[in-house]
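The values are calculated or read from the model by the stated rules, or taken from the named source; none is laboratory data. Everything quoted here is computed from the prediction, not taken from an experiment. Cβ coordinates were reconstructed from backbone atoms using ideal geometry, including for glycine residues, and neighbour counts include every protein chain displayed.
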Amino acid sequence: MDILEKVTNSDYKYGFYTNIESDKAPVGLNEDIIRFISAKKEEPEWMLEWRLDAFRNWLKMTEPEWAHVKYTKPNYQDICYYSAPKPKKTIDSLDEVDPELLKTFEKLGISIDEQKRLSGVAVDIVVDSVSVKTTFREKLAEMGIIFCSISDAVREYPELVKKYLGTVVPKSDNFFAALNSAVFTDGSFCYIPKGVRCPMELSTYFRINESGTGQFERTLVIADEGSYVSYLEGCTAPMRDENQLHAAVVELVALDNAEIKYSTVQNWYPGDKEGKGGVFNFVTKRGICERNAKISWTQVETGSAVTWKYPSCILKGDNSIGEFYSVAVTNNYQQADTGTKMIHLGRNTKSTIISKGICAGKSEGSYRGLVKIGPRAQNARNFSQCDSLLMGDACGSHTFPYIEIKNKTAKVEHEATTSKIGEDQLFYCNQRGIPTEEAIALIVNGYCKDVLNQLPMEFAVEAQKLLEVSLEGSVG
Amino acid sequence: MLKIKNLHASIDGNDILRGINLEVKPGEVHAIMGPNGSGKSTLSAVIAGREDYEITEGSIEFAGEDIMELSPEERSHMGLFLSFQYPVEIPGVSVTNFLKTAINESRKGRGQEPMPAKDMLKKMREVMAVLEMDKSFMSRSINEGFSGGEKKRNEIFQMAMLEPKLAILDETDSGLDIDALRIVSNGVNKLRSEKNAFIVITHYQRLLDYIVPDFVHVLHKGKIIKSGGKELALELESKGYDWLKQEATV
Ligand SMILES: Nc1ncnc2c1ncn2[C@@H]1O[C@H](COP(=O)(O)OP(=O)(O)OP(=O)(O)O)[C@@H](O)[C@H]1O
Ligand SMILES: [Mg+2]
């Protein structure tokens, strides 16, 4: 019997619900709601105006359609746009954090203390839109590094926010970016001053908690000239029946000679075996590189019912470098349409794209990538490798590489492969004493190695575990 | 150690094994020879528990236990090892990582603690020295881009690390150069003891000069048509299979 046919699936391990009394906006979306959010956040007038402008743009836009993604469009008037866990008081140490919340993190396997102690990770935790705790903030402050919630940044560093917010992803960039610009409630802000090498990985855990709340994170990372930062973003959401919307915007600014490494592990609830529920993940992520700057996006995407996401690099400065390393796993009825855009504008700009798709069950995975070489981009180079690994016969994978070259000196290479986990590979592993589940994990991890190697150590281990969990039972 | 009685197996409705009887006792080395397509690899795959084959008749006992219902990994945990005629490539999985997983899963299967990393590395180094393997192998993806001979040597390396009770070597000699044949055979001989046994599948007497068998069997069309001592291999080397095939059809 073909063992690849015996498709079952394990239950989502992170399905639990934390009971924190929340402070919610009324359901629906209009200018008053935006004023409510802005007031809640104690924002300055210019920020409110910016939001309202985005909202008015959004009203004129239509939701995009994608060929290989099918989902029921959310009713944007049915969503609550602001929900904050009520803090009992201002929090200075972890002891004061809501014990319910800490339990949640424990279940997720994230021990903040452990992380602080073992790896020196500064964690900015976002639960349903409000940053609960920023650790290591003071230590970083000594070096002039700012790492805080975007709301704090709007209040405390308005010049920086005003200067860069919306410069990489304009507020009317696309339907979801416009919506995010209008209603974003939290997210992280990070500024690394000139010549400073951030001594630790900056990390944020996002998590959607309240039923029926959409989450609109806004992240802005600015690496000033000659600086370096590695930023980690991890996401998990508890089990929910109705679909939840997540429309985040991430903007990265790498000034001359700066480097930003941005890593994501996304494990939101993918829906159940029948395709019920799950998070809609529509994210706009983009970075801009000035001269000699470098941006690397690394992502491990295992969750969400629908993912639509193309972390991109605008290689504006000469000699700038863009990299995209991605593992996208889909199982059961999940759909992922992900990839990258590398826009080469400057001379001698280089980009590398390594995309590894894994499809199991009845899922659909697409890679969609654009490599654009502008007329001024002398000697631009791109290398793309897009591989798909199929498990079983009911899933589908698609590759859509778009290439636009306006400069004759450019060199663009594209390689693509599709393979299946072979019965021969499984039998070989079994014969050596490795059971099928473990064999799949081993083979999949091997397949993703080039991407996982890009992740910081502690994240790589977590990512490997996630891959195993999300593919558990996909071959029996 | 291994008792096979009247074993019949088929794949996609084709009968491949048609009544095999074979008994292997601890300390013995059995050689199985026979023309291409006679069912040698099929027999080893069926013993190892490959699910693609349907066993239509007969029984297999290993270490005193009926193993017909056991999964390949359970058989492996009991101490069964198969050196593949065509070892499989697993991209991105290093030899070290693969072996570590194999050893620890086997130990887990037997209710033992994982092997401490230090001990494992030490053992790997020792075995590699015996097999004259270069250190660089450890970090390469398993079998990916390995030459034919390197793949075979790597199979024996894994065997030596896993210390099986019964090892089936399916044409381990093919692809090995003259020196490699000697080195690999030497590695196998070092493992021979009163407690374990080997089934060596080969087309050539050459290997049996190094790994001297106690018994030689000739497989033809899914049946053992002749068994004898080590001199049978020499006879086959000079006479070929035709005289046996004729004898068998009579
Ligand atoms: N799926 C299949 N359907 C039909 N016949 C098959 C199938 N798989 C294997 N066979 C046949 O089974 C027979 C035995 O094959 P096997 O690989 O066991 O031979 P072998 O003795 O190991 O040969 P060699 O010396 O060439 O390695 C061959 O004739 C082969 O073609
Ligand atoms: Mg064979």
Leading residue by the ranking (surrounded by the most Cβ atoms within 10 Å (Cβ to Cβ)) among those in the stretch B:193-235 that are more than 22 Å from B:L166 (Cβ to Cβ) and touching a strand residue (DSSP E or B) at 6+ places or on another chain (Cβ under 6 Å): B:K226
Selected residue [more than 14 Å from ligand 2 (Cβ to nearest atom), charged (D, E, K, R), over 13 Å from the mean Cα position of the chain (by Cα) and under 29 Å from B:I103 (Cα atoms)] from B:E163, B:E231, B:E194: B:E194
Subset of the stretch B:55-85 (residues that are more than 8 Å from chain A (Cβ to nearest Cβ), assigned to a loop (DSSP other than H, G, I, E, B) and touching a residue at least 12 places away in the same chain (Cβ under 8 Å)): B:A63, B:I67, B:M68, B:L70, B:M78, B:G79, B:Q85
Meets criteria (touching a residue at least 24 places away in the same chain (Cβ under 8 Å), aliphatic (A, V, I, L, M) and either in a loop (DSSP other than H, G, I, E, B) or more than 13 Å from ligand 1 (Cβ to nearest atom) (or both)) for B:L22: yes
Single match in B:L207, B:L169 (criterion: within 16 Å of ligand 2 (Cβ to nearest atom) and either part of a loop (DSSP other than H, G, I, E, B) or within 14 Å of another protein chain (Cβ to nearest Cβ) (or both)): B:L169
Subset of the stretch B:75-132 [touching an Asp or Glu at 6+ places or on another chain (Cβ under 8 Å), hydrophobic (A, V, I, L, M, F, W, C) and under 23 Å from B:L2 (Cα atoms)]: B:M78, B:L82, B:F84
Residues (free of Cβ contacts under 8 Å to residues at least 40 places away in the same chain, surrounded by fewer than 22 Cβ atoms within 10 Å (Cβ to Cβ), within 11 Å of chain A (Cβ to nearest Cβ) and not polar (S, T, N, Q)) located in the stretch B:87-118: B:K100, B:R107, B:K108, B:G109, B:R110
Residue pairs meeting the criteria (Cβ under 7 Å; at least 6 apart or on separate chains; first more than 7 Å from chain B (Cβ to nearest Cβ), in the stretch A:428-453; second charged (D, E, K, R)): A:E437/A:E472; A:A441/A:E468; A:C448/A:K356; A:V451/A:K356
Near pairs, Cβ below 6 angstrom, 6+ apart or cross-chain, from the stretch B:33-51 (more than 14 Å from chain A (Cβ to nearest Cβ) and assigned to a helix (DSSP H, G or I)) to any residue that is near ligand 2 (Cβ under 9 Å from one of its atoms) and among the β-branched types (V, I, T): B:K40/B:I201
Identity of the residue in the stretch A:242-299, part of a strand (DSSP E or B) and among the hydroxyl-bearing types (S, T, Y), that ends up nearest to the chain's Cα centre (by Cα): A:T264
Number of positions in the stretch B:20-35 that are modelled with pLDDT of 95 or more and over 16 Å from the mean Cα position of the chain (by Cα): 2
Positions within the stretch A:292-325 being under 30 Å from A:K276 (Cβ atoms) and of a type in the set (K, R), in sequence order: A:K309
Enumeration of residues in the stretch B:183-204 that are in a loop (DSSP other than H, G, I, E, B) and within 16 Å of ligand 1 (Cβ to nearest atom): B:T202, B:H203, B:Y204
Lone unmet requirement of (1) outside any helix (DSSP H, G or I); (2) more than 21 Å from A:N174 (Cβ to Cβ); (3) at pLDDT below 90 for A:A67: (2)
